[in-house]
Amino acid sequence: MAGNRIIHTFRTEILLLLLSLFIVSAAKAQGFPENPPIPVKVEVRNTRFLNFGSFTTGVSGGTVTVDQHGMRSATGDVFLLNLGSPSISALFDVTANPGTLITITIPSNFKLQGDGGNGGEIELEINSNLISPGQYFISTAIPPMTNEVEVGGTLHIGNEAQNPAGYYSGTFSLIFNYE
């Protein structure tokens, strides 16, 4: 009779072991209910335009740069003037869910056309190091608050024959990708 008890106890332990494995497996398979994904919606609004202010060129030309904070500098034979409107960076308001990864893509350089048919054309370069908070950032503002993105640029200016005096204007595009 003792032998029967040992077999019976052994079978009970196997049964308990199988039962506990089934409960653990069922709990893992069921898991915790996941929250539905938050819809990712990103809106970008241009709220301030990029402005390089007034300047004049000498014989050989050069560059004018407005950084992401609106500070202006020149290289080469370009002289900054304190006339007219001040230099200022472009400002974009980005509305996105907190935690959304935003990547800004700059398609290429852009051309600004001179006014009045003077034939002038100036190249505008938007460089990733002139973007604040950076070319890649994670949204932290809770809508309707926005993430501010300030963008500067560099004008590549030829000599006076290539870029006659006048008012130059144009547009540039940025692509805001999100994950």
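Derivation of every value follows stated rules applied to the coordinates shown; laboratory data play no part. Just so it is clear, the structure is predicted and the values come from calculations on it, not from any experiment.
Numbers for the structure displayed
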quantity	calculated
Vicinal HN-Hα couplings computed from phi for the range 61-73 (Karplus, 6.51 cos²θ - 1.76 cosθ + 1.60; Hz; Gly/Pro x)	x, x, 9, 10, 10, 10, 7, 5, 9, x, 7, 10, 9
Table column - 3J(HN,Hα) (Hz), the range 108-117, Karplus curve with 6.51, -1.76, 1.60, x for Gly and Pro	5, 6, 10, 10, 9, 9, x, 7, x, x
Amide H contacts under 5 Å for residue 157, placed H, 5+ residues apart	62, 63, 64
